[in-house]
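Only the coordinates and a few stated rules stand behind these numbers; no lab work does. Given the structure is predicted, the values throughout are model-derived calculations rather than measurements. Virtual Cβ from ideal backbone geometry, glycine too; neighbours counted across all protein chains shown.
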Amino acid sequence: VIEIGQPEHSVVTTCAYCGVGCSFKAEMRGEELVRMVPYKDGKANRGHSCVKGRFAYGYASHKDRILEPMIRDSIDQPWREVSWDEALTFAANKLRAIQFEHGRESIGVITSSRCTNEETYLVQKLTRAVFRNNNTDTCARVCHSPTGYGLGQTFGTSAGTQDFDSVEDTDVVIVIGANPTDGHPVFGSRLKKRLRQGAKLIVIDPRRIDLVKSPHIRAAHHLALRPGTNVAVVTALAHVIVTEGLFDEAFIRERCDGDEFQDYVEFAADPAHSPEAVEAVTGVPAEELRKAARLYATGGNGAIYYGLGVTEHSQGSTTVIGIANLAMLTGNIGRRGVGVNPLRGQNNVQGSCDMGSFPHELPGYRHVKNPEVRSIFESLWGVEISDEPGLRIPNMLDAAVEGTFKGIYIQGEDILQSDPDTHHVSAGLAAMDCVIVHDLFLNETANYAHVFLPGSTFLEKDGTFTNAERRINRVRKVMSPRNGYADWEVTQLLANAMGANWSYKHPSEIMAEIAATTPSFANVTYELLEEKGSIQWPCNDTTPEGSPIMHVDGFVRGKGRFIRTEYVATDERTGPRFPLLLTTGRILSQYNVGAQTRRTENVVWHEEDLLEIHPHDAEQRGVKDGQWVKLASRAGETSLRAKITDRVAPGVVYTTFHHPVTQANVITTDYSDWATNCPEYKVTAVQVGPSNGP
Ligand code: SF4
């Protein structure tokens, strides 16, 4: 036990890791954080937490943090520390000069789902009101953008339909492409509790995740599908429900578009979509698929929880649509215990999407082509907003390589490490005249930067995060920003250096602007957040207390919309050179590329990335447990240690991506979701063989 001294006061705030959004009491002695205590009144976590939120905050005071702004004329020069004023003037002049020479569309921004709602709102405002284009994108592009598209098309808005409490009334749970015990541990514990009480579980995942078989829990069905075949599996489930007459006719008649339902029935009933027809493609025994479909359709309240194993595919959006189809078919929408629930990876993926950080949408998921919506912002901001959707992250990089996109402001995102096809990302960054990185650490992307603006941690600012259940939680300033400014202040300073005249004094004023312009946030104020503790949007005159469950009496879009989900095989094919399929995930103690967890002084964080390989595949290649292996794809290669396990099926290998040394994205391809460009991280054809190490 380490004696860490007694706290003098405490501040309630929100964890900055995953989309569960646990509340904590930050116990302080002066400006020193003594410990993080899970907050018993936190509605998302009710006094529980995982190891990351409780212990992994040491990165805030880590020696690697950059606290002074830095600039350089070219990336082969050393950094020069300068004042904030000089750095912001340098950045603003460069961006203005680029626009003067190459046009208004030649610059843009990438924001992060780690930032607060208020910060994200300001960044998209910077893009639209100061840069005067729509070139704003977010790291949600590479995770849950298909959720935005799929749920938007079917239900009318991109949001999980339930609160976490709802799981207590669930009878049958489908977990597809998610590993809640590692990725969303506090929700994972609640789910396990419900399963121990007798709820039935269907896991759809290429890998045998812990939930399939853990103490007192046995999944009724584990559909261990071949990576890349989600759509075929989900459509086969619908085929069984349709052809065996298990759908909820009354719900569909009342709540869904009838013509589109008829069209969908015709599609789903086609024998080509039967479990028997797709067995060879998916690798899932037809009888297991039939039993799973019957259980979901007839077992009582059915809830679907999904993660990046659904979205990060070339057909990510199609699978999200297919999941929504299943919920509508069975009437599992609009009450406790049911629903469609994307488990958001980062703390504020939901909020980052809500705040208009996509290049085609203004805050509240409203298209930039809509003149009525544009006029709301135009009259408030006093500028004309472009009605042309802007560039997505991959399009920005393509345009940079082509020479038409020359400057970028990247807030809180290490695209060189986290985006696919590392070589293409570095080529795009290297081709730009001005890369501004606003972050805590000199990350990999900063190697290509001309301006480095020090960022602030969640402990150093006020604001709000919105978790996976649409819960708006307060982030409260626990200590003064070590770098001098909270991130929203830096964005404001940059905007003003480029000629704007913003004068926000506190994030509550930004929230007031969000509420004034965004119907689903209309009644949200910091005062109401203080009073209620947290609020789930929509929160407006119709639901002044917020909305734990969505689509109760009708879908946001009116009638629910069934859409055909034709399975199209990914272009990423196995063959003699690359015969195995790689899929990826995360472990409990690490977080994404590890920028924070690796900078917390505790050995538990330093677990390395391992390559899980089936004993049969290992033996064929002469690979021993713990041995270094080379993992190669068409895009590149890397080395890591092998872990021989039957958690993965023959023909499938699996790894995590928490360490920069592993560089898993060196080997991922540039294939992406057809609707949103979300990268296909979850399917890469690879070869594995013994190696001597990195
Ligand atoms: Fe933080 Fe998520 Fe862990 Fe909660 S479950 S403490 S939000 S990382």
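List of remarks:
- Summing charges over neighbours of residue 398, with a neighbour being any other residue whose Cβ is under 14 Å away from its Cβ, gives -3 when K and R count +1 and D and E count -1.
- Point-to-point label distance, residue 74-residue 218, nm (Cα→Cβ direction, 7 Å offset): 6.8
- Remark on residue 29: its backbone amide H falls under 5 Å from those of 8, 34, a criterion applied only to residues 5 or more positions apart or on other chains, H modelled at 1.01 Å from N.
- Note on the chain: dipole from Cβ charges, positive end direction compared against 544, 362, 677; the farthest Cα belongs to 544.
- Applying both filters, DSSP loop and at most 13 other Cβ atoms within 10 Å, to the trypsin sites (Lys or Arg not before Pro) of region 15-80 gives 40, 63.
- Cross-link reach is defined here as a Cα-Cα straight distance under 17 Å, omitting same-chain residues fewer than 8 places apart; for residue 192 the lysines meeting it are 200, 213.
- For region 9-61, diffusion coefficient by Stokes-Einstein and Kirkwood Rh (Cα), 20 °C, 1.002 mPa s, µm²/s: 195
- Calculated diffusion of region 158-342, Stokes-Einstein form, Kirkwood radius summed over Cα pairs, 4 °C and 1.567 mPa s, µm²/s: 80
- Bridge type composition, the chain - antiparallel percent by DSSP, nearest 5: 50
- Annotation: aspartates and glutamates with alpha-carbon distance below 17 angstrom to residue 630 (same-chain offsets under eight excluded): 608, 609, 612, 617, 619.
- Three-way shape label, region 1-130, alpha-carbon gyration tensor, a/c 1.5: prolate
- Projecting the Cα atoms of 533, 464, 271 onto the charge dipole of the chain, computed from C-beta unit charges around the Cα centre, puts 533 farthest toward the positive end.
- FRET efficiency, residue 253 to residue 564 (Cβ-Cβ, R0 22 Å, nearest 0.05): 0.65
- For region 37-44, putting each phi into the Karplus relation 6.51 cos²θ - 1.76 cosθ + 1.60 with θ = phi - 60° gives couplings of 10, x, 8, 5, 8, x, 6, 7 Hz, in residue order, rounded to whole numbers and with x for Gly and Pro.
- Calculated diffusion of region 121-165, Stokes-Einstein form, Kirkwood radius summed over Cα pairs, 4 °C and 1.567 mPa s, µm²/s: 105
- Pairs with C-alpha atoms separated by more than 28 Å, drawn from the list 125/461; 25/682; 52/291; 406/477; 63/94, are 25/682; 52/291; 406/477; 63/94.
- Charge dipole of region 158-342 about the Cα centre (unit charges at C-beta), most positive-ward option of 339, 298, 198: 198
- Per-pair calculated FRET efficiency, R0 = 45 Å: residue 369 and residue 29 via Cβ, rounded to 0.05: 0.25
- Among residues other than residue 143 with Cβ under 13 Å from its Cβ, the summed charge is -1 (Lys and Arg +1, Asp and Glu -1).
- Cα centroid separation, region 398-460 to region 187-253 (Å): 39
- Region 129-239: antiparallel DSSP beta bridges as a percent of all, rounded to 5: 20
- Estimated at 0.36 nm per residue, the fully extended path between residue 646 and residue 101 surpasses their Cα-Cα distance by 190.4 nm.
- Estimated [θ] at 222 nm from DSSP helical runs (n ≥ 4, -39500 (n - 2.57)) normalised by residues in the chain, nearest 500: -8500 deg cm²/dmol
- Each of residue 637 and residue 516 was given a label point 7 Å from its Cα along the Cα-to-Cβ line. The distance between the two points is 6.0 nm.
- Counting only Cβ charges, +1 for Lys and Arg and -1 for Asp and Glu, the dipole size of region 293-406 around its Cα centre is about 660 debye.
- Rg over Rh for the chain works out to 0.95, both radii taken from alpha-carbon positions and Rh defined as the Kirkwood radius.
- Span from the region 473-539 Cα centroid across to the region 93-147 one, whole angstrom: 18
- Qualifying lysines (Cα of each under 27 Å from Cα of residue 559; at least 8 residues distant if same chain): 369
- Charge tally for residue 446 (other residues, Cβ to Cβ under 10 Å; Lys, Arg +1; Asp, Glu -1): -3.
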